Amino acid sequence: MGTTASQLGKDLLSEYQELTFLTKQEILLAHKRFTELLTKDEKDLPNTRIPMERILTLPELKSNPFRKRICHVFSTSEQKDGSLTFEDFLDLLSAFSDSATLEIKSHYAFRIFDFDDDGTLDCGDLEKLVNCLTGETDDTRLTPEEMRQLISNILEESDIDKDGTVNLSEFQHVISRSPDFVSSFKIVL
Amino acid sequence: MQVRPEKRERGKRRRVKNDQEAEGRERDEEEQTKIKSGKTTKTRKNEKSRKTEKEEGEGESEERNTKGKKKHGSAKKEEKEEDGGKRTVKEKAQDVKKKKHKKVVETSSEQETSEDNSEDNEEEDNEEKEVRPESLSPEELEKLKEAVDERKKLIQGLRGKPWPMKKKLVTLRESQEFVEKYEGALGKGKGRKLYAYKVMMTKKWMKFQRDFENFKTACIPWEMKIKEIESHFGSSVASYFIFLRWMYGINMILFGLTFGLVMVPEALMGRPYGSIPRKTVPRAEEASAMDFAVLWDWGGYAQYSVLFYGYYNSQRAIGWLKFRMPLSYFLVGVGTVAYSYMVVIRTMARNANESGVGDDNSFNFSWKMFTSWDYLIGNPETADNKFASITTSFKEAILEEQESRKDDNIHLTRFLRVLANFLVLCCLAGSGYLIYFVVRRSQKFALDGLENHTWWERNEVNMVMSLLGMFCPMLFDVISTLENYHPRVALQWQLGRIFALFLGNLYTFIIALMDEINLKREEEKIIKFNITMWEASLYNRTVLENSTAPPITIHPADVPRGPCWETMVGQEFVRLIISDTMTTYITLLIGDFLRAVLVRFLNYCWCWDLEAGFPSYSEFDVSGNVLGLIFNQGMIWMGAFYAPCLPALNVLRLHVSMYLQCWAVMCCNVPQERVFKASGSNNFYMAMLLVILFLSTLPAIYTIVTIPPSFDCGPFSGKKRMFDVIHETLESDFPAWFSKVFSYASNPGLVLPFILLMVLAIYYLQSTSKSYKEANVELKKKLQTQNEENKKKNKRAALKAQMDLEEARKAASQAAEQQNNNASLQEEENGEENHGSNQRLYHSKNGRNPPPAAGDQERQPPATRAPVPRTYHHGNHGAPGYLPGFSRQSEPRMYRVPSLQRH
């Protein structure tokens, strides 16, 4: 712990506290976990990016069906490879923390669900989402008929302006009424 | 995402152009107004702010990286440009602060693109800053203050912004710098010292708050344990442990109250053990008072100690502190109940706020879709279970939607349900009777003397209650399979039944206790009479023997005493808690641990697969455990007044069960097959807790108010009622006017209107909340109808435009025919083409127009794309020929302009 604290620097630490929903201990823990993922020679370099494959080995993300999407959404990498810097990692943890607001959680949830990054959830996105939720195995997959029915039901409910897609404000409207979104949209290190 | 760089390029080019213009203008102005610096700063700022606004628009459009919004954003920018143009003419002075604020956002968002530009700005800013403090009028200073405050607000709200960290960091640093500079400037004047001081203090205060927050989270125990369970079993199992921790916190406070204000003062400052009869073990019991069996039953020395009500003395003030013991005892008793009510209701209100409108069913499918994944799950097995349960829930929901209540054999199900309820009622009545019977029998045993009976006979009541609590739920489970309910409904029924069972048992127990209290009070009367006789005889004897001898001192152990029903009640509750705890732990060990061990190791030599087949591993029973916890707490609330040691015992119990259950869950339970949501049931548990709290305080309050306390034990001995202690304090410790005021205030003439007022307030609040809900529904309906209307209107407009174009096309084609008769065949195909593209043209004009149905979208492209080359040729010499090629790429973008944001 002592080494990580000195590595992070006091000013930076307090700035991170100001900018995220994390407490000091959580930031330090995140830093520790992050440096554990680094290889030997990467440790000396500042601002290293950890490739997505290594991020996904974290047990907190390992069983998550949206793990790749999460990495892509929080990555600031130019190559769109889903690699994360420490600051991206903090952003991720902040959005998934206990005290994050509903707005920020729903914003990121929307971007996670928006598989093609076009700013709306259309039929393709919804289908991919359902497939993520029902798992990879065939016996849990829905039949095409069920899928069609499900998606049309969802659009019926949440597509308020009837344009065939769910946009961010519609999504937030739906999510904000949900009793258990905030409690389940959480990742704790 | 790919769009960004080029976009930025474009934006940059545009910006550079604008800047050049603006700077040119600026320079001119500068030259003109170099002498009168004060006012020109403002104009210059206006210039800059215009720029920033533009750039901010750019930043916004960068934010939303959607293709569709690209156009939208640039359109907005154009508007902004126009705005800026107007402003040069008008020169609004009051916009200064706003712009300053905006600049922060801008400089951070596009720092890479226009570095040189922003550097210029910085320099100019610095110049301005140096001039400012001396030359500014108070009015402007006020504005500056506001700007600083706005920056601060920005800093505070920064963490709630969905930006990448880099951007946030830059913004934070810049605005902090700004705030510091300007605050320093503001602090220079005479009357501004206070301001600077205030600013400093708020800064310190913020830091302290943050540190305190960190400290608080560090103090929450078992965070890691719960997290581990969360990742293995999902949030529902973890919710039990969070509930347990919450309960532990409450019990800690109850324990602190009773321990600090009742037990410790009495032990330290009260009269020591053996000084008066109530603090001494009677002569008859002395021999066995230290036996373990007796102590285990909370008799002997345990009974005559601070642990129970009877030990406390009725002396008004004790020790050198003049501590008002009886008053403190009474107030702590009331305080624990009041505190519990407060905490439970506050938590309920907070939960209700968080969950919003709980039973709103309008987004059933969407919620299933968007919120059903539990991101805390980190265990592959649990994840698999979750996948399965989500799939089933989807399928169920679809089936429900499709069939919409198609019951095949309604008579049979009805019959079975009635039968099941009948059976459950029988069970409940049977268990109630059994407890009553056992309690009556134990009274008989108690009259005979406990020593003559076996262990079982002595502990019958508690054992029977615990066993019933253990086996009846299983029975209910079996019965509920008859009913064929939906699992969620079945779970609620099950919970309701167990609740009824526990409640019935508890109340039978209390009624039996009441009987016993009455018996004891009869006994007390006789003993009281006997004592007066005994005292009289004692007195007579001394008088007869020797009138000058000193009065005989009798050892307190020899003094006859009353039965002290309060201690008896306390003992019963303590025993109940102990046996309840024991059964819980033993069931845990046998039902979970032993079963897991057997299944694990017998599996090697068994004829079927034990792990997958019949016994398998047990699941963690969240609802049952929560109910057990709630009832346990109810007993604590009920008995704490008569046995101050109860909260301490409960803290111990909760502490142990935290560790034991955590261990048991991790080592011998498997994740649930049906992972149900935790948060939805949270308030359900809280509501049950509230009901239990109410029901358990009822008998306690009843006994306190109606039954006179024992004459020779406890802090209220010698008084007619326990609450007389309040009157006594009011009369002797407060000035006369205070008690007068109090007696007026407690007059029914005042109390009744007050209660009426409260009822009215409740009614008012309820009706307003109802009307809000209705308004909500109305608004939603309105929104929907408006959207539909818009859609219709758009369709009509589209149709009209199409007709117009058709006519124009016809006219043009006629003209073309006249020119070129050979082209008639191509003409027809072209008609089709135009049809499609006209519509598209329309869409592009009107950004918020909803697209045609999905089917149309899919159908159109092949129909329109195939004849492209030919129409292209045709378009070259036909009038409406520019149409086919129009903005094919931009088409999908236009659909995606969000309409809600504009509304």
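In segment A:97-119, the residues that are farther than 16 Å from residue B:158 by Cβ form Cβ pairs under 6 Å with partners that are among the basic types (Lys, Arg) and open to solvent by 10 Å² or more (accessible area, probe 1.4 Å), at six or more places apart or across chains, as follows: A:112/A:69; A:115/A:128.
Could you run through segment B:206-235 and say how many residues are surrounded by 20 or more Cβ atoms within 10 Å (Cβ to Cβ) and within 10 Å of chain A (Cβ to nearest Cβ)?
So the first thing to find is which residues in segment B:206-235 are surrounded by 20 or more Cβ atoms within 10 Å (Cβ to Cβ), and the list is B:226, B:229-235.
Those left that are additionally within 10 Å of chain A (Cβ to nearest Cβ): B:226, B:230-231, B:234-235.
Going through segment B:206-235 one residue at a time, the tally reaches 5.
If you go through segment A:101-137 and keep only what is touching a helix residue (DSSP H, G or I) at 6+ places or on another chain (Cβ under 9 Å), more than 8 Å from chain B (Cβ to nearest Cβ) and of a type in the set (Gly, Ala, Ser), you end up with just A:106. Would you confirm whether or not segment B:427-449 contains a residue that is of a type in the set (Val, Ile, Thr) and open to solvent by 30 Å² or more (accessible area, probe 1.4 Å)? Checked segment B:427-449: no residue is of a type in the set (Val, Ile, Thr) and open to solvent by 30 Å² or more (accessible area, probe 1.4 Å).
For segment A:14-32, a residue qualifies if it is open to solvent by 50 Å² or more (accessible area, probe 1.4 Å) and farther than 22 Å from residue A:105 by Cα, and exactly one does: A:32. Just one of (1) facing another protein chain (nearest Cβ under 8 Å); (2) open to solvent by 10 Å² or more (accessible area, probe 1.4 Å); (3) among the acidic types (Asp, Glu) fails for residue A:88. It is (2).
Residue check: residue B:188 meets all listed conditions (1) away from every other protein chain (no Cβ under 14 Å); (2) farther than 30 Å from residue B:334 by Cα; (3) at pLDDT 80 or above but one, namely (3).
Sub-7 Å Cβ pairs linking a first residue in segment B:591-608 that is within 19 Å of residue B:669 (Cα to Cα) to a second residue that is of a type in the set (Phe, Trp, Tyr), at least 6 apart or interchain, are B:596/B:617; B:599/B:617, ordered by first then second residue.
Mind listing whichever residues of segment B:291-303 are assigned to a loop (DSSP other than H, G, I, E, B) and in contact with a helix residue (DSSP H, G or I) (Cβ under 6 Å, 6 or more places away or on another chain)? Reasoning before the result, please.
So the first thing to find is which residues in segment B:291-303 are assigned to a loop (DSSP other than H, G, I, E, B), and the list is B:291, B:297-299.
Across segment B:291-303, the qualifying residue is only B:298.
Per the conditions (1) over 22 Å from residue B:467 (Cα atoms); (2) modelled with pLDDT of 80 or more, the sole criterion not satisfied by residue B:386 is (2).
Scanning segment A:138-189 for residues that are more than 23 Å from the chain's Cα centre (by Cα), open to solvent by 50 Å² or more (accessible area, probe 1.4 Å) and more than 7 Å from every other protein chain (Cβ to nearest Cβ) returns A:138, A:139, A:141, A:143, A:144, A:145, A:148, A:152, A:156.
Within segment A:113-137, can you find the residues that are among the β-branched types (Val, Ile, Thr) and crowded, with 18+ Cβ neighbours inside 10 Å? Reasoning before the result, please.
Kept after step one, since they are among the β-branched types (Val, Ile, Thr), are these residues of segment A:113-137: A:120, A:130, A:134, A:137.
Residues satisfying the conditions are A:120, A:130, A:134.
The criterion of being more than 27 Å from residue B:385 (Cβ to Cβ) and charged (D, E, K, R) does not hold for residue A:98. Screening residue B:178 on (1) under 27 Å from residue A:88 (Cβ atoms); (2) modelled with pLDDT under 80; (3) away from chain A (no Cβ under 14 Å) shows it passes everything except condition (2).
Can you work out which of the residues in segment B:489-538 that are open to solvent by 30 Å² or more (accessible area, probe 1.4 Å) and of a type in the set (Ser, Thr, Tyr) is nearest to residue B:703 (Cα to Cα)? Applying the filter and picking the extreme gives B:507. For segment B:734-768, the tally of residues that are open to solvent by 60 Å² or more (accessible area, probe 1.4 Å) and part of a helix (DSSP H, G or I) stands at 24. Out of everything in segment B:456-488 that is charged (D, E, K, R) and either under 23 Å from residue B:573 (Cβ atoms) or touching a Gly at 6+ places or on another chain (Cβ under 9 Å) (or both), what residue ends up being least open to solvent (accessible area, probe 1.4 Å)? The selected residue is B:460.
The values are calculated or read from the model by the stated rules, or taken from the named source; none is laboratory data. All values reported here derive from a predicted model rather than from experimental measurement. Heads up, the Cβs are rebuilt from the backbone with ideal geometry, glycines too, and the neighbour counts pull from every protein chain shown. Just the protein is used for accessible areas: all its heavy atoms, side chains included, with ligands, DNA and RNA removed. Shrake-Rupley method; radii C 1.70, N 1.55, O 1.52, S 1.80 Å.
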